[in-house]
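The values are calculated or read from the model by the stated rules, or taken from the named source; none is laboratory data. Given the structure is predicted, the values throughout are model-derived calculations rather than measurements. Note that each Cβ is placed from the backbone with ideal geometry, even for glycine, and that neighbours are counted across all protein chains shown.
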């Protein structure tokens with residue numbers, strides 16, 4: 001624990017009265033934050049104006065580290081891949097990086113995700129780097145992520161929040177300051193670190209170890225799968241796109257066919273009744289019951305009941 005005494009960066013008037021250079025403070029705040037993120041892999045998670053002090057000599061001091069984030073070596077590797085994909089304007093590269101980080105759910109609409117990333121890429125394609133708003137870019141990325149239910153690690157979410165906060169503080173200190181210009185050299189350094197022989201060897205060894213574990217576990221996994229198949233516990237599910245829609249259409253067709261058949265039968269009965277009625281001398285009584293009239297009445301009831309059933313199902 002160390003005691004520091006200074007002026008909070010939110011107290012702009014006091015800073016001006018004490019002769020502080022706000023432009024230098026903005027630059028050092030941004031550099032200090034990016035050094036934490038890209039060099040140390042350990043950063044302040046809540047750098048709002050009350051948690052950053054200006055000391056004598058325009059020195060920046062971060063206080064209250066109750067909320068911190070960590071960037072692992074693997075996350076740095078993926079971030080550098082993401083930066084390379086952005087520099088190359090590669091939508092496929094961006095999607096591959098997101099997939100490698102294991103953030104995309106299995107049921108994601110890949111074509112829609114690609115379209116959204118393509119729109120985002122085109123939005124920033126013609127904008128000079130110095131004019132890019134880091135806060136707006138982060139907001140757009142998070143919007144795409146949330147729209148597709150992409151799982152974002154808590155440290156990456158905290159990183160985005162911290163960058164948004166820092167950009168807001170820097171903008172108040174110096175509205176003309178470009179935080180992207182400060183971030184670019186650190187991004188280049190991150191790419192250089194990725195290509196260092198020891199880092200390349202470490203990543204290659206990790207990948208080789210993963211494949212080795214997969215090869216070692218393969219016989220055991222095959223044996224387990226065979227056992228489950230013998231016990232009948234393996235279930236194969238086949239999904240047909242728009243199957244429900246096809247079934248509804250089939251129901252509609254069958255109902256219309258049934259309606260046509262019944263209508264034809266009813267028409268035949270009506271013709272029979274008309275012909276029977278024209279036979280004036282022949283009796284239509286059966287055991288003293290008017291058979292034709294009863295048949296007509298029953299057929300009418302059946303016809304109405306079938307119509308009611310078809311229309312009630314809503315599949316006509």
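Quick notes on this structure:
- Being out of contact with any strand residue (DSSP E or B) (no Cβ under 6 Å at 6 or more places or on another chain) and farther than 30 Å from residue 114 by Cα is a property that residue 179 lacks.
- Number of the exception - residue 35 against (1) within 25 Å of residue 190 (Cβ to Cβ); (2) crowded, with 19+ Cβ neighbours inside 10 Å: (2)
- Residues (surrounded by 10 or more Cβ atoms within 10 Å (Cβ to Cβ), at pLDDT below 70 and under 29 Å from residue 107 (Cα atoms)) located in the range 239-259: 243
- Flag if residue 129 is modelled with pLDDT under 75, within 16 Å of residue 34 (Cβ to Cβ) and surrounded by fewer than 12 Cβ atoms within 10 Å (Cβ to Cβ): yes
- Taking the range 1-29 as the range and being more than 43 Å from the chain's Cα centre (by Cα), loosely packed, with under 15 Cβ neighbours inside 10 Å and in a helix (DSSP H, G or I) as the test, the residues that pass are 13, 14, 16, 17.
- Here residue 160 does not fit the description of being at pLDDT below 80 and in contact with a helix residue (DSSP H, G or I) (Cβ under 6 Å, 6 or more places away or on another chain).
- Taking (1) at pLDDT 90 or above; (2) assigned to a loop (DSSP other than H, G, I, E, B); (3) surrounded by fewer than 16 Cβ atoms within 10 Å (Cβ to Cβ) in turn, residue 64 satisfies each apart from (1).
- Listed by first and then second residue, the pairs with beta-carbon distance under 6 Å, at least 6 apart or on different chains, first residue in the range 168-182 and within 16 Å of residue 34 (Cβ to Cβ), second assigned to a loop (DSSP other than H, G, I, E, B) and at pLDDT below 80, are 180/132.
- Any hit, the range 47-57, residues being assigned to a loop (DSSP other than H, G, I, E, B) and farther than 26 Å from residue 144 by Cα: yes
- Residues that are closer than 18 Å to residue 48 by Cβ and surrounded by fewer than 17 Cβ atoms within 10 Å (Cβ to Cβ), drawn from the range 139-163: 139, 157
- Residue 102 vs. criteria assigned to a loop (DSSP other than H, G, I, E, B) and at pLDDT below 70: yes
- Considering 27, 74, the condition of being at pLDDT 90 or above and either under 19 Å from residue 162 (Cα atoms) or in the same structural domain as residue 200 (by TED's automatic domain parsing) (or both) is satisfied by 27 alone.
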